[in-house]
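To keep things clear, I will list the structure first and then write my remarks on it.
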Amino acid sequence: MTTVTNLILKAAAAAENGEEDPGGAVGGCSGTSSSSSRRRSTLDLDLGNGSQVVYVARFLGYQESWDYFHYLNKHIPWTRPTIRVFGRSSVQPRDVCYVASEGLPDLAYSGYQPHAHSWDEFPPLKDILEAVHSALPGSCFNSLLLNRYKGGSDYVSWHADDEKLYGPTHGIASVSFGCEREFLLKRKPGKNFRGKKRSEGKRAREQDRVAEQHSFTLKHGSLLVMRGYTQRDWLHSVPKRAKAQSTRINLTFRLVPSHAG
Ligand SMILES: O=C(O)CCC(=O)C(=O)O
Ligand SMILES: [Fe+2]
């Protein structure tokens, strides 16, 4: 797997040392960047062709993040639904829950339509949403898919969150708590690297294959944002990892346009 991203991440982490922990940022849906969010060390990765990933290792404070972890672990009504993938039924290999603002079109994926819980049922989620809006000026998320990986054999396979309901360029803000897990990105088959033609030969294709994968270790309290055409052109996954023995909770904030569906 590609190491370039991890090298950049190490550099970003080194630059972070000694930096003040920003802690509980607050703000509204279309809030402006707070001074604390500007101090955070951020990795910006341009994936080419209008796709970008942004990673903030210390988005939320350490203890605050554990408080969120314990709250979510206990209070979210986690389910492990049966889904259909390539015509076969299987139990989803992680726990999930869905929260959305009222009046949005229903989310459905892999033959499964999750019940949409209200934000009011889980007040801490509104605080995390506010912190995300504050860190990402102009963002306005109205739905949230929660995932709980109970250990290294829970995973999410290669996919893109490209359901029509979201539109072609929707951003996803992903906040992680608990056990660190690897998050992989690879270009969708047939999507050329920075506009290069497939006819450029085997060597160029091999270079592309290597260059077109990125790996992030998503830390406790971190924020990862996928922007632009990332869902159209790229796949992502959280693979099984035998060494990941404890629980990880991940929140993916999304915007469902109210006219979608
Ligand atoms: O757990 C993660 O980091 C990713 C989850 C994800 O890809 C999803 O919910 O669509
Ligand atoms: Fe996803």
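Details
- Dividing the Cα radius of gyration of the range 52-163 by its Kirkwood radius returns 0.96 for Rg/Rh.
- For the pair VAL85 and HIS159 in one chain, pulling the backbone fully straight at 0.36 nm per residue adds 25.5 nm over the alpha carbon distance.
- For the pair TYR112 and LYS240, label points projected 7 Å from Cα toward Cβ lie 1.7 nm apart.
- Structure note, pairs LYS219/LYS243; LYS74/LYS164; LYS164/LYS191: Cα-Cα distances above 26 angstrom occur for LYS74/LYS164.
Computed from the coordinates by the stated procedures, all read-outs in this text should not be read as laboratory data. Just so it is clear, the structure is predicted and the values come from calculations on it, not from any experiment. In this analysis, Cβ positions are derived from the backbone assuming ideal geometry, glycine residues included, and neighbour counts consider all displayed protein chains.
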